[in-house]
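Data first, discussion second: the structure below is written as structure tokens.
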């Protein structure tokens with residue numbers, strides 16, 4: 001090697017070392033006398049971080065079949081924080097719906113989970129500045145539909161993942177008919193099987209999906225909108241404390257050193273202009289000192305270093321009447337959801353769907369139970385031929401009773417429904433599917449109860465017709481029928497898995513978007529309590545009509 005080349009390498013190395021020296025001032029360092037959450041983490045010896053597991057490559061289950069660990073860009077960032085503190089790392093999988101609740105109740109120490117920085121979320125938890133990434137919203141769907149823009153999606157069924165910050169805006173401002181699913185996997189399945197024309201989601205995740213799991217005939221079909229920065233979150237009240245400051249220093253260090261850009265290359269994600277600009281700003285040195293040093297008086301970073309985009313608004317402020325504001329202040333009962341036209345409409349729709357689905361499931365369960373119970377009882381009297389008749393009937397009853405209704409919903413809605421859609425056959429919607437499944441599930445149990453009750457009544461009156469024995473048979477198994485119908489009301493909440501936004505899922509959506517958790521959950525409890533009481537009361541009326549004077553006889 002020539003002396004000139006050697007000298008040139010030494011100069012480059014020295015220049016890099018000299019440039020790095022000022023940036024050492026941005027290195028995140030835990031204080032000597034930690035307090036609050038930071039002290040708790042150090043004493044525990046483990047950092048617990050909430051991450052996503054369905055958002056490659058930011059957070060996903062290890063594709064290696066011999067490992068079920070969560071890997072990706074955000075788990076790597078979590079590891080950086082744990083290593084700097086000198087503690088172990090525990091990753092907890094969170095969803096868009098529960099991540100803020102998990103950090104606020106102390107289940108996790110912080111959230112690094114693809115969370116958009118919105119006005120509502122800034123009131124729910126402490127979102128760390130600077131932001132660490134940004135993304136927008138696109139729709140992934142069938143390219144042969146010829147959709148030219150967002151306007152073409154107005155009034156169209158579009159798959160949405162529960163808890164995403166942009167859902168409200170897409171429905172309210174762009175007119176999409178949201179089909180809500182609890183996770184990304186369910187939304188993709190629904191799209192694949194023709195349940196919606198597209199899936200609206202984060203452009204970063206969908207770009208990665210298109211790159212790694214390309215599906216012929218599918219692609220991004222509309223341009224990106226609603227760009228929003230991402231934020232790490234700590235519990236409310238921790239943002240200005242030692243823990244929040246330390247995490248913010250780590251984010252600043254990541255930008256100064258280009259750590260997130262490095263991880264993007266590691267995980268095969270293209271570099272973004274947002275991150276390049278932040279790296280350029282945070283690595284800037286003036287007069288031998290980093291430009292983005294905290295102000296010694298305020299402790300804040302310079303505004304130019306935050307490079308903060310305007311957070312997306314997910315709802316206009318709601319003006320409460322004086323009495324409602326006083327109730328909120330004195331009793332903690334927050335009725336804002338009733339004074340927001342959009343939220344109120346969703347709540348009413350969810351209430352109506354729950355009442356309708358519960359009623360259909362109860363009536364359907366009774367109809368199936370009575371019909372199959374009578375057939376089974378009749379077949380018992382038919383000798384060997386009856387045993388042949390009973391065989392498929394008993395098979396259906398066992399299958400319907402022993403298979404969890406959530407699994408039945410998945411099979412019928414996604415698998416069978418997808419096959420029918422691909423074959424060009426008209427497929428039942430979410431409500432019809434849920435009504436049939438829940439009716440069959442309750443009806444199978446009711447059929448067993450009624451079949452045994454009819455057999456007992458037949459022994460008491462062997463010459464009587466089955467229909468004549470039915471009223472007393474219903475009275476005999478009355479409590480079992482009521483219990484089955486009450487249980488099927490509670491099971492109706494499972495319908496949210498197939499995009500039926502009944503009351504439970506609607507309340508979860510409202511809570512995820514900033515609604516008061518205590519008020520909404522207690523209201524939900526009161527509703528179901530009253531609903532169940534009404535069902536029991538109606539059953540008692542029906543029992544008395546079946547056998548006048550029955551209460552006295554009993």
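The values are calculated or read from the model by the stated rules, or taken from the named source; none is laboratory data. What you see is a predicted model; the values in this text were computed from it and never measured. Cβ: placed from backbone, ideal geometry, glycine included. Neighbour counts: every protein chain shown.
Here are a few things to note about the model shown:
- Of all residues in segment 459-472, those satisfying the criterion of being surrounded by 18 or more Cβ atoms within 10 Å (Cβ to Cβ) and touching a residue at least 40 places away in the same chain (Cβ under 8 Å) are 470, 472.
- Test: residue in segment 528-535 that is closer than 30 Å to residue 165 by Cα and modelled with pLDDT of 80 or more: yes
- Total residues in segment 78-113 satisfying the condition of being surrounded by fewer than 24 Cβ atoms within 10 Å (Cβ to Cβ) and closer than 18 Å to residue 254 by Cα: the figure is 8.
- Wholly within segment 355-467, helices (runs of 4 or more DSSP H) carrying at least 1 residues that are over 21 Å from residue 499 (Cβ atoms): 383-402, 430-460
- Note on segment 140-234: enclosed helices (runs of 4 or more DSSP H) holding 1 or more residues that are touching a helix residue (DSSP H, G or I) at 6+ places or on another chain (Cβ under 6 Å) and surrounded by fewer than 23 Cβ atoms within 10 Å (Cβ to Cβ) are 167-174, 184-192.
- Considering the conditions (1) within 22 Å of residue 472 (Cβ to Cβ); (2) buried (at least 18 other Cβ atoms within 10 Å of the Cβ); (3) in contact (Cβ under 8 Å) with a residue 40 or more places away in the chain, residue 357 is excluded by exactly one of them, (1).
- Where residue 122 falls short, out of the listed (1) at positive phi; (2) at pLDDT below 90: (1)
- Filtered residues of segment 24-45 (kept if in contact with a strand residue (DSSP E or B) (Cβ under 7 Å, 6 or more places away or on another chain), within 12 Å of residue 85 (Cα to Cα) and surrounded by 15 or more Cβ atoms within 10 Å (Cβ to Cβ)): 41
- Qualifying residue in segment 514-526 (condition: in a helix (DSSP H, G or I), assigned by TED's automatic domain parsing to the domain that holds residue 349, more than 21 Å from the chain's Cα centre (by Cα) and without any contact (Cβ under 8 Å) to a residue 40 or more places away in the chain): yes
- Residue 541 over 24 Å from residue 410 (Cα atoms), surrounded by fewer than 13 Cβ atoms within 10 Å (Cβ to Cβ), modelled with pLDDT of 85 or more and not assigned by TED's automatic domain parsing to the domain that holds residue 100: yes
- If the condition is being closer than 20 Å to residue 305 by Cβ and crowded, with 23+ Cβ neighbours inside 10 Å, then segment 118-132 contributes 126, 127, 128, 131, 132.
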